[in-house]
1. For region 28-85, what's the relative contact order in percent, using C-alpha pairs closer than 8 Å and at least 6 residues apart?
2. Evaluate the charge dipole of the chain about its Cα centre and quote only its size in Debye, nearest 20, assuming +1 on the Cβ of each Lys and Arg and -1 on the Cβ of each Asp and Glu.
3. In nm, give the distance between the simple-model label positions of residue 13 and residue 34, each being 7 Å from the Cα along the Cα-to-Cβ direction.
4. Sorted by packing (mean other beta-carbon atoms within 10 Å per residue), highest first, where do 29-42, 49-62 land?
5. Rounded to whole Hz and in sequence order, give me ³J(HN,Hα) for region 69-78 from the Karplus expression 6.51 cos²θ - 1.76 cosθ + 1.60, θ = phi - 60°, writing x for Gly and Pro.
6. For region 54-60, take each phi angle, set θ = phi - 60°, evaluate the Karplus expression 6.51 cos²θ - 1.76 cosθ + 1.60, and give the result in whole Hz per residue in order, putting x for glycine and proline.
7. Using the Kirkwood radius over C-alpha pairs as Rh, can you work out the diffusion coefficient of the chain via Stokes-Einstein at 10 °C, viscosity 1.306 mPa s, in µm² per second?
8. What FRET efficiency comes out for the pair residue 78/residue 42, r = Cβ-Cβ distance, R0 = 41 Å, nearest 0.05?
Amino acid sequence: MESLFACPQRNLSMSWSLLTGGLVLLLLGIVGAYFVDGHLNLQSVVAAHAFTILGPTLLKLGYVLRLVAQHQMRKEGWEACCVTG
C-alpha cells in the first residue's frame with residue numbers, strides 16, 4: 001500500500017480524478033434529488049440522494065490526497081521516488 005502513495009505525481013493525478021468524480025456525483029445528486037425527482041422512479045431518487053453523500057466524500061478524499069502530494073513535493077529529491085516506483 002505504501003508504494004501506491006509513494007509518488008507525488010501519481011497522487012496529484014489520483015486526487016484530480018477524485019475531485020472531479022466527487023464534483024460530478026454531487027452535482028448529479030443535487031439535480032436528481034431536488035430538481036427532477038418528480039420524473040424519476042424511486043430507485044433513481046434513492047441513488048441521487050446517495051450521490052449527495054458520496055460526492056462530498058470523494059471531494060474530501062481528493063483534497064486530502066492533494067495535500068499529501070504537496071507535502072511530499074516539499075521534500076528534497078521527491079522526483080527520484082517517481083522514477084524508481
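Quick note: the coordinates plus some simple rules give every number you see, no bench work behind them. This structure is a prediction, so every number in the text was calculated from the model and none was measured. Here the Cβ positions follow ideal geometry from the backbone for every residue, glycine too, while neighbour counts run over all protein chains shown.
1. About 29 percent, as a whole number.
2. Values: 5 positive and 4 negative charges, 28 e Å.
Computed about the Cα centre, the dipole is about 140 debye.
3. 3.6
4. Per-residue mean Cβ counts within 10 Å order the peptides as 49-62, 29-42.
5. Working through the residues one at a time gives 5, 5, 5, 5, 6, 6, 6, 5, x, 5 Hz.
6. Here the 3J(HN,Hα) series is 5, x, x, 4, 5, 4, 5 Hz.
7. 111
8. The formula returns an efficiency of 0.25 here.
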